Every structure is written in structure tokens, then in C-alpha cells.
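Take a look at the structure set out below.
The values are calculated or read from the model by the stated rules, or taken from the named source; none is laboratory data. In this text the structure is predicted, and so the values were computed from the model without any measurement. Note that we place each Cβ from the backbone using ideal geometry, even for glycine, and neighbour counts take in every protein chain shown.
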Amino acid sequence: MRRLLPAALIFVAVGPMPGAVVRYPAEDFTDRAEARALVMAPATTGTMRFVRGWRLVSPHSRFGGFSALARTGPGQFLLVGDNGYSTRLSLDSRGVVSGVRIRPLPTPDGRPARKAMADAEAMFTDPESGKTWIALENINQIWRLDAGLSKIESRRALPKPRWPVNRGPEAMARLVDGRTVVFSEDADDDPRGREALIYSGDPAAPGPAPIRFFYDSAGRGLVSDAAALPDGRVLLLHRRLGFDPVFTTIVAILDPADIGRDAVVHARTIGRVPRPLAENYEGAAVSVEQGRTWLWLVADDNFNTWQRSLLLQFELVDLPPRKTPAKKAPDSKKAAR
């Protein structure tokens, strides 16, 4: 019963709803986009200082539905939608968009993918090789793509028992030590939390089985994306559904040192997206430039007329320090001597 209300809210919030989905009178594949600046007073919640934001629009029929985000260089972005399309674009300091390239992701057989086969929900890129790893929800797989996003180099299914359809891999990040964490959206009706996995090697290639653990979101909602922080911790993006606003986005940080086999892991809230910018944020990326740490968020408009593809920039300031390992308590017998 506890899933009925969230399921109903998700259906209403992210549709598609009759009359709400954008229907193009004709297919348009023009590689063009525009960034419309958002007007909002500076705001800080927790350690998140809002810097600027834009609404992204394009005539391209496959533009939108963004569920993953990577910042591939200064002013360079890669966005992936849950419709199986990628968008590359450049955005300068004036908000001018250039270099737009919107293309379908490759498929195992080379044929256009059905929605169930192309539901990309999470992504990370390797800055040196340019390769991209993508987690696909319905088919419960992780793919490694070449730098041009034209070829699947390797793919691997999640271990059995597989996560349920539409509740599978929703967030993924490569840690600074080379491991990869993958969080389910809502897998396993377990009182300990939602299932998650940590891989010691490439999650898209044959290798050791990942370690399962549980993430307790502590009322923040469901995890919608993850990004590695430069200090080794993981930033987690949460989406909590309600009525006013429909979407509340809460950001927290998790220390991978707490992860162990079947362990229950907790995070610490560091802020949230200000209410005037409430949207369905599903993509997060972290970049470090000139000694400052930036958080980038992108919203999934679900191709609905009432939702927006927003791209936001925050600065992360005064993050709480990492926990120091607790000292081992002295043996009681030795202490008594």
C-alpha cells in the first residue's frame, strides 16, 4: 500500500498526461538550441549557492527528457535523455549556445531503439579517453560507449536478481579511486532502504561481481542522480514528489567509506533547489575550476508542455568535512589490567 500514493504522484507528475505531451506537427531534426536566462535573485540553501540558470529550448523533436548530465570541458555539456538521444552543446558566459549536436545513442543491433531499450538514466564520462558509461533502466544494463558516442564497446547486465522495470539503475558515479556506484530508483521493498551496488572495476565489462548495499534516503525521496566530489565523497540528487510544489529537489553527500556488503548507508543533506526553480531534476555533474567546486543540474521535462528543461549552476561552499575514522575502543580486559 505504501507504494500506491507515490506511484499515483509519479504518474500525474511525469506523465505523459493526455493533452500535456508535446506533439510535433512534423518531425524536425534541426541541430539548434537556445538558452533563455532565468531571472532570480541570488539564493543560498545549505552549502549550495545559486549562480545562474537557463531554460533550454530547441525545435528538434528529440530534444529534452534529460536524465543524465556531464560537463566535458569549460562551457561544454553532454546531456542524455531517457528517449535514447544524446545532446552535445557549448554554452558561453553570455548564455549563447553553439555546437549543438543531437543524435540517437548506438544500439546493439544498429536498429533504432524502442523506448524500453533506450531508457538511459545515468551517465559518467572519462575526461582522458572521452569514453562514456550509461546505465539503462528497463533492461538493467550498463554500456561503455566510445568517445564519439557511435559504438557500444562493452555492455554488462546487472547481477541477478535483476531490479524491477522502471525501478532500476537511476544514478551512477565513478569515484576518485576508480570504483563505480550505482543506485536503484526504488528496487527491493526492503525496510533497510533502496538497493545499490558498488563495482571495483569497469561496470560495463566482465569482472568481479559488485557488492550490494542499501541506501536509506531518510525521507528525502528517491535518488535521481549521483556525482563524484573531488574529496572522494558522492553527491546524491533526490526527487521528492508532492502537490505544492510537485517536485522538491534535495542534495546530500555520502561517504563511500561507509559502504560494505549489505550495509545500510546514510547521507547528509547539504541543500536543496530553491522553490522558484522547482522542477524534475534528474541529472547532476560536478566540476572544479580555479579552485572552486560547481554543481550543475539539469531537469527532465518528460516532453510535457508544463515542464521545463532547466540547466542550473550552483557553487558548493563550506562543505562539511569528512568524518574521521572512529578510534577503536580499548579491549576491556586489557584496560582492566
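Touching a strand residue (DSSP E or B) at 6+ places or on another chain (Cβ under 8 Å), at negative phi and part of a loop (DSSP other than H, G, I, E, B): does that describe ARG212? Considered against the rule, which asks whether it is touching a strand residue (DSSP E or B) at 6+ places or on another chain (Cβ under 8 Å), at negative phi and part of a loop (DSSP other than H, G, I, E, B), ARG212 comes out as no. For THR249, state whether it is closer than 27 Å to ILE134 by Cβ and either of a type in the set (Ser, Thr, Tyr) or not in a strand (DSSP E or B) (or both). For THR249, the condition - closer than 27 Å to ILE134 by Cβ and either of a type in the set (Ser, Thr, Tyr) or not in a strand (DSSP E or B) (or both) - is met. Taken over segment 56-107, the criterion of being of a type in the set (Gly, Ala, Ser) and crowded, with 20+ Cβ neighbours inside 10 Å is satisfied by SER58, GLY64, GLY65, SER67, ALA68, ALA70, GLY81, GLY84, SER86.
Is there a residue being of a type in the set (Lys, Arg), modelled with pLDDT of 95 or more and more than 23 Å from VAL100 (Cβ to Cβ) anywhere in segment 46-60? Yes, because at least one residue in segment 46-60 is of a type in the set (Lys, Arg), modelled with pLDDT of 95 or more and more than 23 Å from VAL100 (Cβ to Cβ). Total residues in segment 263-297 satisfying the condition of being assigned to a strand (DSSP E or B), aliphatic (A, V, I, L, M) and either touching a Pro at 6+ places or on another chain (Cβ under 8 Å) or buried (at least 24 other Cβ atoms within 10 Å of the Cβ) (or both): the figure is 7. If you go through segment 134-182 and keep only what is within 16 Å of ALA284 (Cα to Cα) and surrounded by fewer than 22 Cβ atoms within 10 Å (Cβ to Cβ), you end up with ARG174, LEU175. Looking across segment 111-123, just one residue is surrounded by fewer than 23 Cβ atoms within 10 Å (Cβ to Cβ) and either in contact with a Ser or Thr (Cβ under 6 Å, 6 or more places away or on another chain) or aromatic (Phe, Trp, Tyr) (or both), and that is ALA113. Residues in segment 184-217 that are farther than 19 Å from THR132 by Cα, of a type in the set (Gly, Ala, Ser), under 20 Å from the mean Cα position of the chain (by Cα) and modelled with pLDDT of 95 or more: 3 in all. Could you run through segment 179-200 and say how many residues are closer than 28 Å to PHE66 by Cβ and out of contact with any Asp or Glu (no Cβ under 9 Å at 6 or more places or on another chain)? Result for segment 179-200: 6.
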